[in-house]
Amino acid sequence: MAPSSPTKGMLRDRARGMRKQPSQAERAVWEIVRDNRLGFKFRRQRPISRYIADFACMEAKLIIEIDGSSHDLADQIERDAERTALLQALGWRVLRIRDELVLSDPSAATALIVEALRQPSP
């Protein structure tokens, strides 16, 4: 087996670090999706291509991104659009949920995730 490229190794190591220090909203979403609670297995901080998805369901080809206020900045909006386009080109669906929603109304966040899981994979 060929060794991983340095970039893949760096992404993997960064993802591990991110799993150890989740945001409050990421912890809340993990409580919603962990242990197949919605009937699907999710992975946290999953490297996909050159990005690290906050949460990924391999079976449903669904990525959940938890977005804070930094995602409102013009340059971040552009980067997020590029990221989403690349992930969609790879066959993934991307669901973006505001961290404020997750923290203030976890039931609404859960409903969004369930609805996305019900949609057919690309």
Condition broken by Asn36, with the remaining ones in (1) surrounded by 11 or more Cβ atoms within 10 Å (Cβ to Cβ); (2) touching a Phe, Trp or Tyr at 6+ places or on another chain (Cβ under 9 Å) satisfied: (1)
Leu86 being outside any strand (DSSP E or B) and within 20 Å of Lys8 (Cα to Cα): yes
Selection count where residues are touching a strand residue (DSSP E or B) at 6+ places or on another chain (Cβ under 8 Å), over 19 Å from Arg50 (Cβ atoms) and either exposed (fewer than 15 other Cβ atoms within 10 Å of the Cβ) or among the small types (Gly, Ala, Ser) (or both), scope the stretch 69-115: 1
Test: residue in the stretch 105-112 that is among the aliphatic types (A, V, I, L, M) and within 28 Å of Lys8 (Cβ to Cβ): no
Condition check for Ile97: within 18 Å of Ser121 (Cα to Cα), modelled with pLDDT of 90 or more and either outside any helix (DSSP H, G or I) or hydroxyl-bearing (Ser, Thr, Tyr) (or both): no
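The values are calculated or read from the model by the stated rules, or taken from the named source; none is laboratory data. Every value quoted in this text rests on a predicted model; they were computed, and no experiment measured them. Every residue, glycine among them, receives a Cβ derived from its backbone with ideal geometry; neighbour counts consider all protein chains shown.
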